[in-house]
Amino acid sequence: MSARRGVTILGSTGSIGCNTVELIEARPDLYRVEALVANSRVDILADQARRLKPRLAVVADETAYSALKEALAGTGIEVAAGAAAVVDAAELPADWVMASIVGAAGLAPTLAAVRRGAVVGLANKECLVCAGQLMMAEVEKHGATLLPVDSEHSAIFQVFDFDQHDRIEKIILTASGGPFRTKSREFMADVTPEQAVAHPNWSMGAKISVDSASMFNKGLELIEAHHLFDMPEDKIDIVVHPQSVIHSLVSYVDGSVLAQLGSPDMRTPIAYALGWPKRIDAPVPRLDLAAIGTFTFEAPDEIRFPSLRLARAALRAGGSAAAVLNAANEMAVAAFLGRRIGFLDIAQVVERTLEGVEHCELGSIDDVLVQDQRARAFAAAIIDRQVR
Ligand SMILES: NC(=O)c1ccc[n+]([C@@H]2O[C@H](COP(=O)([O-])OP(=O)(O)OC[C@H]3O[C@@H](n4cnc5c(N)ncnc54)[C@H](OP(=O)(O)O)[C@@H]3O)[C@@H](O)[C@H]2O)c1
């Protein structure tokens, strides 16, 4: 048996995926790659596959199959395409799986990895937002391990005393505030996708960058934190910390507040999850506190950023509300990136979809998928009307 940890990367061509590939490539003594999965960016995927030599490379988009097949001809790497093949890749016996597909599209493969008891590095927060309760029950049932990769949740995980859960008063998620932290609603009404994806501290994929600008990202993280750490909504605070150095905090009954700090570089939380329970090197800029000089904090503004109010309401409502919020947000962000609606319309589309789609309890993953589709159809109709 190989002593090296077998790794599968779901979403290897994205921002998180490429950072994960970089860390794995630096330690061939520790890791070997089982499968790489992307949606359609064949050039990047084929290049990664030639370097890392996985057993399998998969594209979700079936029209990209022949290009991938051709690009990997003669390498001995198996090639597949389609949504079912993505799930098959997650089912291969890798010890460790990076779940870094963006959006609810990552739910089925992440669940497949959970159901075979894998250690899962979870970047794909939308999975927990739309199916948190069911997903956590599956984690428990199959003895899987979820290691948060979101920097905030990784920070909390590192300072959270799981043996004294009742001694924790609250968790505090930090937020950078995004590119429009100090901007008025009038300003935000006219911003372009280019302005919205230009995050001041982090380099990320387009969807999460827009989510950071609207602060829906923090709303999604609130719901994610609720499920990961079993904390009620009223025990999760959000504080804006524009320097993005304190990644989150845990407050205990004795008044102690523990935090994890680091440069705003995703390779730190990815390395933490990859190496867990040990630590591995990450080539990130080291913190120079004297050079930073000052940390600042502000309360989030729920008037300028209604996403936070909507996420809290969805979490309190329970049932299908968070799945509807997530699906509507995915649709609205895609429409904004496609220049079909304005930036402020994103929260409006989400709010109206939450009001319009009938609330229900979620008894199974199929229920989640049905509700996700309903919300997408409802949001699409609102977007169409907005555009006309
Ligand atoms: N980026 C960050 O710093 C960061 C931080 C914390 C959490 N996260 C979370 O991590 C996840 C990924 O974010 P990202 O910024 O890395 O996104 P990204 O750069 O847009 O990458 C998304 C990845 O998912 C793949 N993908 C998209 N749809 C797919 C489908 N239907 N089936 C299979 N693969 C699919 C993409 O493939 P193609 O390249 O072929 O399109 C790409 O590999 C998100 O949930 C995000 O919220 C990201």
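Numbers at a glance
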{"read-out": "Arg185 paired with Thr294, simple spin-label distance in nm, labels 7 Å along Cα-to-beta-carbon", "value": "3.0 nm"}
{"read-out": "Under 30 Å, Cα to Cα: Lys pairs in the chain, sequence gap 8 or more or different chains", "value": "29"}
{"read-out": "Computed FRET value (nearest 0.05) for Glu140 with Ala313, which takes r as the C-beta separation and R₀ as 25 Å", "value": "0.35"}
{"read-out": "Ranked by how many other beta carbons lie within 10 Å on average, peptides 316-327, 166-177 from highest", "value": "316-327, 166-177"}
{"read-out": "Selection of chymotrypsin sites (Phe, Trp or Tyr not before Pro), the stretch 283-388, meeting DSSP coil and at most 14 other Cβ within 10 Å", "value": "Phe295, Phe297"}
{"read-out": "Ala198 versus Asp43: modelled label distance in nm, points set 7 Å from Cα along the beta carbon direction", "value": "2.4 nm"}
{"read-out": "For the chain, calculated [θ]222 nm from helices alone, where every DSSP H run of n ≥ 4 adds -39500 (n - 2.57)", "value": "-14000 deg cm²/dmol"}
{"read-out": "Cα gyration tensor, the chain - rounded (a/c under 1.5), prolate or oblate", "value": "rounded"}
{"read-out": "Cβ-based charge dipole, the stretch 140-227, positive-most Cα from Leu220, Ala198, Thr174", "value": "Ala198"}
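Quick note: the coordinates plus some simple rules give every number you see, no bench work behind them. The structure displayed is predicted, hence computed values, not measured ones. All Cβ positions, glycine included, derive from the backbone under ideal geometry; neighbour counts span all protein chains shown.
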